[in-house]
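Trainee: Pasting in a structure now, in structure tokens, and then I'll have a few things to ask.
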Amino acid sequence: MAEARLNQRRVLVTGGAGFIGSNFVRSWYRQQGGLLLVLDALTYAGNLENLKGLEESVIYRFVRGDICDRTLVSRLLQEYAIDTIVHFAAESHVDRSISGPEAFVQTNVVGTFTLLEAFRTHWQDQGKPDHFRFLHVSTDEVYGSLGPDDSAFSETTPYAPNSPYSASKAGSDHLVRAYYHTYGLPTLITNCSNNYGPYHFPEKLIPLMCVNILLGKPLPIYGDGQNIRDWLYVEDHCTALSAVLRQASPGETYNIGGEAEVKNIDLVNLICELMNELAPDLPVRPAQQLITYVSDRPGHDHRYAMDISKIRADLGWRPSVTLAAGLRKTVIWYLQNRTWWMPLLSEEYQRYYQKIYG
Ligand code: NAD
Ligand code: TYD
């Protein structure tokens, strides 16, 4: 397909008001023409502030709705002549999946199935055009947990999800794969490591630590803090997704990671150091005094790490932001955007927080 036509893709972005989705919408918007239609249910994690400024654009539209609503999804695909779905919408927090798994099965499994069915019909009705794509955004957590000496997850690592969240994402990955093999639907799957950066809801580790340091609240470390995650700056993730959309062949799967493995406790110490340096009016200084060890998460995966040699070799993508640089940008963003995160600390958030941390 000619580059000019690629730039004119008519994209339905599900979950585009969430953390990664909104970063993707901004990044795609800067590079492309065509259409960007965001479908988002605006759950606690969705926020129209994340998309502020785009409302005036002629290529952007927002629809509030549920990906499980087949009638709505089919209507949008037809009405807006969609040729590409980039599917972010999900329940995304492991701790919430432990306290309430049902929504995860509903949105992540049933919702993905609903999108696949609607998109298959639409693609068939249009005569199965070659350039249609369904890009499913998934996680490294489907591969399970690594020991300290295990090699990183590759695209051929068998699935072994351990939490209700990762099990629901694994289920959705399998459905996407099946739609390619059974119907020839032009699907793509990406599995990425832990993202961080602007617009990250303050329930995940990095934004929670930033917000709590600024409020002088405890920094809860699960277990002994020795668990390891690989951190990917969200803008790098977005460039990887663009590369996959532009260059990857249907049916392909790519791992995306930041090549930045770090123990949780070391990461939290880095954030504390940055806050000590950059925030003049911290309620508690040095911020490290706020570190509090709490009970471990049930079934807590020890380590995730991604082998990204396939995307490097096939698509020429690699992460460009180091953990040190990305963390600095992120800390500065949370310092400068209190007006974004303060309203999120709602009663629902406080109730959730009490339930998890007591
Ligand atoms: P998020 O929780 O910040 O955003 C999810 C968005 O989906 C929200 O805007 C929410 O309103 C919307 N949504 C939820 N249920 C919906 C429904 N039924 N219908 C329509 N919209 C709905 O999530 P995120 O961190 O941006 O993650 C995006 C995707 O990337 C998810 O599929 C997640 O599994 C995957 N992922 C995330 C990470 C990470 O580190 N954040 C890592 C790997 C993979
Ligand atoms: P999180 O950001 O929830 O992402 P995931 O569980 O999907 O990897 O958590 C990242 C790591 O940080 C994980 O090992 C759990 C740990 N963690 C804490 O120690 N304290 C916290 O308050 C949170 C939210 C996470």
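The values are calculated or read from the model by the stated rules, or taken from the named source; none is laboratory data. Since the structure is predicted, the reported quantities are computational estimates derived from the model, not experimental observations. All Cβ positions, glycine included, derive from the backbone under ideal geometry; neighbour counts span all protein chains shown. Ligands, DNA and RNA are stripped out before the accessible areas are found, and what is left, the full protein with its side chains, is counted by its heavy atoms. Shrake-Rupley method; radii C 1.70, N 1.55, O 1.52, S 1.80 Å.
Trainee: Using +1 at the Cβ of each Lys and Arg and -1 at the Cβ of each Asp and Glu in the stretch 175-239, identify which of 213, 183, 231 lies farthest towards the dipole's positive end.
Mentor: 183
Trainee: How large is the dipole of the chain about the Cα centre if only Lys and Arg carry +1 and Asp and Glu carry -1, each at its Cβ, rounded to the nearest 20 debye?
Mentor: Charge dipole, the chain, about its Cα centre: 660 debye, nearest 20.
Trainee: Here's a follow-up. Below 8 Å, C-alpha to C-alpha, sequence gap of six or more: please give me the relative contact order for the stretch 200-282 in percent.
Mentor: 40
Trainee: Set Lys and Arg Cβ to +1 and Asp and Glu Cβ to -1, take the dipole of the chain about its Cα centre, and tell me which of 298, 243, 253 lies farthest positive.
Mentor: 243
Trainee: Shifting gears a bit: Explain nothing, just the number: dipole magnitude of the stretch 1-87 about its Cα centre with +1 on each Lys and Arg Cβ and -1 on each Asp and Glu Cβ, in debye rounded to the nearest 20.
Mentor: Here the stretch 1-87 has a charge dipole of around 140 debye.
Trainee: Turning to a different aspect of this structure: Starting from the Cα coordinates of the stretch 174-223, work out the convex hull volume and express it per residue in Å³.
Mentor: 114
Trainee: Something else: Exceeding 32 Å between C-alpha atoms, which entries from my cross-link table qualify? They are 52/310; 128/329; 128/204; 52/217.
Mentor: 52/310; 128/329; 128/204
Trainee: Output the relative contact order of the chain, whole-number percent, from Cα pairs under 8 angstrom with separation of 6+ residues.
Mentor: It rounds to 17 percent for the chain.
Trainee: Pairs of Cα atoms under 8 Å, at least six residues apart: use those to get the relative contact order of the stretch 1-136, whole percent.
Mentor: RCO, the stretch 1-136: 27 percent.
Trainee: Could you give me D for the stretch 230-356, from Stokes-Einstein at 37 °C and 0.692 mPa s, where the hydrodynamic radius is the Kirkwood radius over C-alpha pairs? Units µm² s⁻¹, please.
Mentor: Approximately 187 µm²/s, per Stokes-Einstein.
Trainee: Further question on the same structure: Extending each Cα 7 Å along its Cβ direction at residue 349 and residue 247, get the distance between those two points in nm, one decimal.
Mentor: With each label point 7 Å from Cα toward Cβ, the separation is 3.8 nm.
Trainee: Among 309, 81, 12, pick out the residue whose Cα is farthest towards the positive end of the charge dipole of the chain, where Lys and Arg carry +1 and Asp and Glu carry -1 on C-beta, about the Cα centre.
Mentor: Farthest along the dipole direction, towards plus: 81.
Trainee: By what distance, in whole Å, do the Cα atoms of the stretch 199-276 stretch along each of the three principal axes, largest value first?
Mentor: For the stretch 199-276, the Cα spread along each principal axis is 48, 25, 19 Å.
Trainee: Then there's this: Using alpha carbons only, how many degrees (0 to 90, rounded to 10) separate the axis of helix 323-336 from the longest principal axis of the chain?
Mentor: That works out to roughly 80 degrees.
Trainee: Here is a follow-up. In degrees between 0 and 90, to the nearest 10, how far off the longest principal axis of the chain does helix 112-125 point, with axes built from Cα atoms?
Mentor: The angle comes out at about 20 degrees.
Trainee: Quick one: Kirkwood hydrodynamic radius for the stretch 9-73, alpha-carbon pairs, angstrom, one decimal?
Mentor: 11.8
Trainee: Per residue, how much accessible surface does the chain expose to a 1.4 Å probe? Answer in Å², no decimals.
Mentor: Dividing the accessible area of the chain by its residue count gives 41 Å².
Trainee: What percentages, rounded to whole numbers, describe P(r) for the chain computed over all alpha carbon pairs with 10 Å bin width beginning at zero?
Mentor: All Cα pairs, binned at 10 Å, distribute as 5, 25, 36, 24, 9, 1, 0 percent.
Trainee: Could you give the length gained on full extension between residue 64 and residue 263, defined as 0.36 nm per residue of separation minus the Cα-Cα distance, in nm?
Mentor: Fully extending the segment from residue 64 to residue 263 adds 67.8 nm.
Trainee: Would you mind getting me the FRET efficiency between residue 178 and residue 126? Use the beta-carbon distance for r and R0 = 25 Å, nearest 0.05.
Mentor: According to the calculation, E is roughly 0.75.
Trainee: In the chain, what % of DSSP beta bridges are antiparallel (nearest 5)?
Mentor: Roughly 10 percent of the beta bridges in the chain run antiparallel, per DSSP.
Trainee: What residue among 206, 82, 98 shows peak mean-square fluctuation when the chain is described by a Gaussian network model with Cα springs under 10 Å?
Mentor: 98
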